[in-house]
Amino acid sequence: MRSPMGNDAGPRRAVADDIAELVRLRAMLFENLGGDFFDPASGDGGWLDELAVVLKAQVDAETVRILVVDGERGLAACGVGTIEQRLPGPHLRNGRIGQVIGVVTDPAYRRRGHSHSIMRELLDWFRSSGVARVDLYASSGGEPLYRRLGFTDHPDPSLYWRP
């Protein structure tokens, strides 16, 4: 149920009716990050349609947690967590890794603690799900929050490859 004030209920799990707003917030995330990696000049809006399809398929998935905070009109904020089963090792005894994907707050609702409350709930979910480690990529604006929550530098270099 949506709060009439938009922010007194705290985060809740997303539902299928939230998909359009989740797409809007995710698009905002990449616009704000900028640069050719996150917002390539050659990119078209086709990824938004693909995003809606994936969100619809995963909104209730056991290994995905999509949290939202209601605003007065639409969503004020959202955050996504996923759990991946990898091979166990001495540094990752059960092989379960959590990933925080794109915590974003609409500019009209910033500085109200929404990202913090979403992150606390995601971290509680990861803990109760038996995750051995949680990874995330932080924007310069989000990094102080994540460090306050206990995130530290990853020992491995982050590399990527695109086929």
Against the definition (modelled with pLDDT of 95 or more and outside any helix (DSSP H, G or I)), how does GLU62 come out, yes or no?
yes
Wholly enclosed strands (runs of 3 or more DSSP E) of segment 67-145 bearing at least 3 residues over 23 Å from LEU159 (Cβ atoms) and touching a residue at least 40 places away in the same chain (Cβ under 8 Å)
75-85
Taking into account only those residues within segment 80-112 that are within 21 Å of the chain's Cα centre (by Cα) and hydrophobic (A, V, I, L, M, F, W, C), which is surrounded by the fewest Cβ atoms within 10 Å (Cβ to Cβ)?
ALA108
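The values are calculated or read from the model by the stated rules, or taken from the named source; none is laboratory data. None of the values given here were measured: they were computed from a predicted structure. All Cβ positions, even for glycine, are placed from backbone atoms using ideal geometry, and neighbour counts span all protein chains on display.
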